[in-house]
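Before any comments, here is the structure.
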There are 2 protein chains.
Amino acid sequence: MSTLKVTAFPWVPPFAQGLVRDLRVRWACEEAGLPYEQVLLQGDDQKSASYRAKQPFGQVPVLEDGDFSLFESAAIVFYIAEKSGKLMPAGLQDRARTVSGMFAALNSVEPHITQLNVIDLFNPDKEWAKLRRPEQEQVVRGRLASLSTWFGDRQYWVGDSFTIADLLLVTVLRNLRHTKILADYPNLQAYRDRGESRPAFQRALAAQMANFG
Amino acid sequence: MSTLKVTAFPWVPPFAQGLVRDLRVRWACEEAGLPYEQVLLQGDDQKSASYRAKQPFGQVPVLEDGDFSLFESAAIVFYIAEKSGKLMPAGLQDRARTVSGMFAALNSVEPHITQLNVIDLFNPDKEWAKLRRPEQEQVVRGRLASLSTWFGDRQYWVGDSFTIADLLLVTVLRNLRHTKILADYPNLQAYRDRGESRPAFQRALAAQMANFG
């Protein structure tokens, strides 16, 4: 069996350190017990035709498993779950519920948080950003309030075990770390904290952060 | 076998007619040959606790298959593919490639188009929107240019057959219909046109539009 390879950055600005999406792949590998190696991008790799053939948008992560190459962090963790037989329940319905959580995280929640981060981290001094920010925070809070109500006292997205739905949603909620917003949704904050306290997460985070030391 | 039920709106503003996400579910059902019925939301259904238990954000669609309930349109089409054994290739790698296309559509492309639509359709007269619009169009164009280069002369996302990755990406590209942007990326425009020309799509679109007549 070939060792999985995942692309990562040798450096990112402090606001992104510990949040880059190769973290999701590292975490999934650690949870599944699949060994992996990182491949650090250098110089103009992101713009090269050979990298763009593997990742249309020039981003990380790309997974390579022998000759097989895959992009989109969520698809990679899906592949790791199917390959390992872990992190995903059996059965048509519970599998679909897991996929529901994956898309809830990456389509119903993350884009709104990302847009807040576009304002706060990339355009804080722009006039449009100052005008828009209060409404964008309300959009984020609306999503979190709805999710918090639905989530209730669940421990995990599906049943009583950790899946790739939880892995993705926890990483999405972490993207609010530059704000105090999540503290107003205690069950979601506790959920994020449970995710972050997993030994596999801690190993994954340490591995990404080691590049920036 | 129970008939699938999908929630939909009895009316939406003209700019949303033909774009509401139950279209994805109708289209997948039509492609897979699974009969379905629509359930039109009424009055305050979207805000009700019983609906929010099925759909945290109060949106459509919700799928019901007997006692099983599912939200997130992408997860629903995944469920339809797994249930029917259609619209998804066999094999670990091609399945993962399909999921990659699904997330590329809904996380790497759609949020940027949605943000342009937040400006153009919901906030056209706001000062922040006028200031931000040129940059937001460039963000969208950047994604489309990258995708267009990667897509090249492919006919489908995976191999030579239509999958749920194509179904989702075509619906995402349709969300630019109020602009002329897609015309600048002829291979993507042709891809959208191929999707829209499928008889199953036409039946799905007609069924959604019939509610607004």
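Taking the conditions (1) under 20 Å from A:R24 (Cα atoms); (2) in contact with a helix residue (DSSP H, G or I) (Cβ under 8 Å, 6 or more places away or on another chain) in turn, A:A190 satisfies each one other than (2).
The residue of the stretch A:82-93 that is farthest from the chain's Cα centre (by Cα), among those that are more than 10 Å from chain B (Cβ to nearest Cβ) and on the phi < 0 side of the Ramachandran plot, is A:A90. Of everything listed in (1) under 22 Å from A:A75 (Cβ atoms); (2) buried (at least 16 other Cβ atoms within 10 Å of the Cβ); (3) without any contact (Cβ under 8 Å) to a residue 40 or more places away in the chain, the single unmet condition for B:L147 is (3). Annotation: of all residues in the stretch A:38-76 being acidic (D, E) and over 15 Å from A:F9 (Cβ atoms), the one that is nearest to the other protein chains (Cβ to nearest Cβ) is A:E72.
Please report, ordered by residue number, the helices (runs of 4 or more DSSP H) entirely within the stretch B:103-203 with at least 3 residues that are modelled with pLDDT of 95 or more, at the interface with another protein chain (Cβ under 9 Å from one of its Cβ atoms) and out of contact with any Cys (no Cβ under 8 Å at 6 or more places or on another chain).
B:110-117, B:127-151
Considering the stretch A:22-53, and only residues there that are among the charged types (D, E, K, R) and surrounded by fewer than 19 Cβ atoms within 10 Å (Cβ to Cβ), the residue that is nearest to A:V118 (Cα to Cα) turns out to be A:K47. Restricting the first member to the stretch B:1-27 and to residues that are within 13 Å of B:V60 (Cα to Cα), and the second to residues that are acidic (D, E), the beta-carbon pairs closer than 7 Å and six or more apart or on different chains are B:K5/B:E37; B:K5/B:E64; B:V6/B:D22; B:T7/B:D22; B:A8/B:D22. Counting the residues of the stretch A:1-24 that are outside any loop (DSSP other than H, G, I, E, B), closer than 20 Å to A:A81 by Cα and either in contact with a Cys (Cβ under 7 Å, 6 or more places away or on another chain) or not basic (K, R) (or both) gives 5.
Residues in the stretch B:31-51 that are more than 25 Å from B:R192 (Cα to Cα) and in a helix (DSSP H, G or I): B:D45, B:Q46, B:K47, B:A49, B:S50, B:Y51.
Residues are listed down the side, and each one gets a yes or a no for (1) surrounded by fewer than 16 Cβ atoms within 10 Å (Cβ to Cβ); (2) of a type outside the set (F, W, Y); (3) touching a Leu at 6+ places or on another chain (Cβ under 7 Å):
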| site | (1), (2), (3) |
| --- | --- |
| A:A74 | no, yes, yes |
| A:F78 | no, no, no |
| A:G85 | yes, yes, no |
| A:S108 | no, yes, no |
| A:N117 | no, yes, no |
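Is it the case, given these coordinates, that B:F15 is farther than 30 Å from A:K54 by Cβ and either of a type outside the set (S, T, N, Q) or surrounded by fewer than 22 Cβ atoms within 10 Å (Cβ to Cβ) (or both)? So B:F15 passes the test. Across the stretch B:125-133, not a single residue is classified as touching a residue at least 40 places away in the same chain (Cβ under 8 Å), crowded, with 17+ Cβ neighbours inside 10 Å and out of contact with any Phe, Trp or Tyr (no Cβ under 7 Å at 6 or more places or on another chain). Screening A:A28 against (1) outside any loop (DSSP other than H, G, I, E, B); (2) more than 23 Å from A:T171 (Cα to Cα) leaves a single unmet condition, (2).
The values are calculated or read from the model by the stated rules, or taken from the named source; none is laboratory data. Being a predicted model, the structure only gives us computed values, none of them experimental. When we count neighbours, we look across all protein chains shown, and the Cβ atoms used for this are built from the backbone with ideal geometry, even at glycine.
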